[in-house]
Amino acid sequence: FYSEALNWYEKVIHAAGTSATDGRYARVLSQVSRLYILMGFHEKAKQYLDKSLDIAMSLGDKELLRNVYSNLVNYYEHKGDYKQAYLYEKKLSAIKDSLISNESMKSMNQVQAFFDSDKQKKKIELLQKDKDIGDLELKRKNLILFSTIATMILLGLVAALFVSRSVIRKKANLQLR
C-alpha cells in the first residue's frame, strides 16, 4: 500500500506546484518522506524532509516542526546515523515541551477567563441586589413620607374640627348666657 499512497501524495504535490509554501504542502512533504523512509529510499526521503523543514521553519509552525523532527529522527535511525538522530531527538523533545507549555498556558488562560467571567457575573449580581435594595429603600422612604403627610393632614382636620367645635361651643355658651 506504500506505493499506492505515494502515488496519491505525489499527485497532491504536483497539483500544489513548486511554489507552494504553506503548512498543508509541508505536511504532505513530511508524509511522503515518511513513506520513502519506510520503503528504504533514504535519499529521496531526505529531499522531502529538507523541503518540509525549510517551510516549517519559515512558518514557525511548531506542530509541523514536531512532525518533521520526528521523521528526521526516523530517517537518521534507519540510516544508522545515531548522532544526528540524537540531535533531532533533542530538538523534537524541545519542541514537544514548547507545545506542552503553550497548551498549559492556553488552559491556564481559559481557566483564568472562566474565573474572571464568574467574578464579573457575581459583581453584576451584587450590583443588581444593591440596586434592588436601593429601590426598596426608596419605596420605604416614600411610604413613610406619604404616611407622615397623610397623618399630618388627618391631624390638621381633627384639629380644625376641635377648633370649629370649640368655636361653636363658645358661641352656644354665649347665647345661653
**Request:** Output the residue which, of all residues in the stretch 39-64 that are among the acidic types (Asp, Glu) and within 30 Å of the chain's Cα centre (by Cα), is least open to solvent (accessible area, probe 1.4 Å).
**Result:** Asp61
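Quick grid of which residues meet (1) within 30 Å of Glu63 (Cα to Cα); (2) surrounded by fewer than 10 Cβ atoms within 10 Å (Cβ to Cβ); (3) under 42 Å from the mean Cα position of the chain (by Cα):
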{"residue": "Leu99", "(1), (2), (3)": "yes, no, yes"}
{"residue": "Glu103", "(1), (2), (3)": "yes, no, yes"}
{"residue": "Glu137", "(1), (2), (3)": "no, no, yes"}
{"residue": "Phe146", "(1), (2), (3)": "no, no, no"}
{"residue": "Leu157", "(1), (2), (3)": "no, no, no"}
{"residue": "Gln175", "(1), (2), (3)": "no, yes, no"}
**Asked** Taking the stated definitions as given, is Tyr36 without any contact (Cβ under 8 Å) to a residue 40 or more places away in the chain, closer than 20 Å to Gly80 by Cβ and open to solvent by less than 70 Å² (accessible area, probe 1.4 Å)?
**Response** yes
**Asked** Taking Lys90, is it under 30 Å from Arg24 (Cβ atoms), in a helix (DSSP H, G or I), touching a residue at least 24 places away in the same chain (Cβ under 8 Å) and open to solvent by 80 Å² or more (accessible area, probe 1.4 Å)?
**Response** no
**Fill in**
When the stretch 94-127 is checked residue by residue, the ones that are modelled with pLDDT under 85 and among the aliphatic types (A, V, I, L, M) are Leu99, Ile100, Met105, Met108, Val111, Ala113
**Asked** Can you find even one residue in the stretch 108-125 that is under 28 Å from Phe1 (Cβ atoms), surrounded by 10 or more Cβ atoms within 10 Å (Cβ to Cβ) and among the charged types (D, E, K, R)?
**Response** no
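Give me the residue from the stretch 70-87 that is of a type in the set (Gly, Ala, Ser) and either open to solvent by 80 Å² or more (accessible area, probe 1.4 Å) or assigned to a helix (DSSP H, G or I) (or both) and, out of that set, farthest from Tyr9 (Cα to Cα). Show your work before the answer.
First, pick out the residues of the stretch 70-87 that are of a type in the set (Gly, Ala, Ser): 70, 80, 85.
If we keep only those that are either open to solvent by 80 Å² or more (accessible area, probe 1.4 Å) or assigned to a helix (DSSP H, G or I) (or both) as well, we get 70, 85.
On the way: Ser70: 19, Ala85: 25 Å.
Looking at the filtered set, the residue picked out is Ala85.
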**Prompt:** Based on what the data block shows, is Asn67 open to solvent by 60 Å² or more (accessible area, probe 1.4 Å) and at negative phi?
**Reply:** no
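The values are calculated or read from the model by the stated rules, or taken from the named source; none is laboratory data. The shown structure was predicted, so the numbers you read here are calculated from the model rather than taken from an experiment. Virtual Cβ from ideal backbone geometry, glycine too; neighbours counted across all protein chains shown. We work out accessible area using only protein heavy atoms, side chains counted, and drop any ligands, DNA or RNA first. Shrake-Rupley method; radii C 1.70, N 1.55, O 1.52, S 1.80 Å.
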